[in-house]
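Written below as structure tokens is the structure these notes are about.
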Amino acid sequence: MEDLLLDQNYVQTEPTDYAGFWIRFGAAFIDGLITTIAGLAIVYATGGTYEQQGLMANFLNIVLGWLYAAFMESSERQATLGKIAVGIKVTDMQGNRISFGQATGRHFAKIISAIILLIGYIMAAFDAKKQALHDKMAGTLVLNK
């Protein structure tokens, strides 16, 4: 029975090696290049008129961006290729891997971070845990590896 009792000295602590604003910006820049190039490659490979390509590119940008971020951030690597390149990862508030649903919520919450004059992103530069608005909404942290 004693084996089932929790150790009274064990305290789970929250991670503290938060990734700062500029390193996150660099990762987002790399990810933007990756998704833009992938989307354009698909659009031009399918042909169509200029107007059709524009509509398809917008749709692909939304879908590719979402699937890319959600699958990569909820994977064992916990990071997109841009985040891997700069050495950061996305976790829950305890430093654990996030779910696909949580990664999806985080991704689409970035719309709110952007629509308010990017203030949601800028918050990360001044927050104690370096959380942007979309991180707070999704209950996530971005940590240095």
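The values are calculated or read from the model by the stated rules, or taken from the named source; none is laboratory data. Everything numeric here is computed off the predicted structure, so don't read it as measured data. Positions of Cβ are generated from backbone atoms using ideal geometry, with glycine treated the same way; all protein chains shown enter the neighbour counts.
When Q53 is tested against (1) part of a helix (DSSP H, G or I); (2) among the polar types (S, T, N, Q); (3) under 18 Å from H134 (Cβ atoms), only condition (3) is not met. Taking the criterion of being out of contact with any Ser or Thr (no Cβ under 8 Å at 6 or more places or on another chain), of a type outside the set (D, E) and touching a residue at least 60 places away in the same chain (Cβ under 8 Å), the residues of the stretch 12-21 that qualify are Q12, Y18, A19, G20, F21. Being more than 25 Å from L143 (Cα to Cα), in a helix (DSSP H, G or I) and not hydroxyl-bearing (S, T, Y), is that true of even one residue in the stretch 62-77? Yes, the stretch 62-77 has at least one match. All conditions in (1) crowded, with 18+ Cβ neighbours inside 10 Å; (2) in contact with a Leu (Cβ under 8 Å, 6 or more places away or on another chain); (3) under 18 Å from W22 (Cβ atoms) hold for A109, with the sole exception of (3).
Conditions: (1) at pLDDT 95 or above; (2) surrounded by 13 or more Cβ atoms within 10 Å (Cβ to Cβ). G39 meets all but one. Number of the miss? Exception for G39: condition (1). Among the residues of the stretch 105-138, those identified as part of a helix (DSSP H, G or I), small (G, A, S) and under 24 Å from N61 (Cα atoms) are G105, A109, S113, A114, G120, A138. Contact map, the stretch 22-38: first residue over 11 Å from G65 (Cα atoms), second residue assigned to a helix (DSSP H, G or I) and among the charged types (D, E, K, R), Cβ cut-off under 6 Å, separation 6 or more or different chains; pairs are A27/K83.
Annotation: of all residues in the stretch 79-104 being out of contact with any Ser or Thr (no Cβ under 6 Å at 6 or more places or on another chain), of a type outside the set (S, T, N, Q) and part of a helix (DSSP H, G or I), the one that is surrounded by the fewest Cβ atoms within 10 Å (Cβ to Cβ) is G101.
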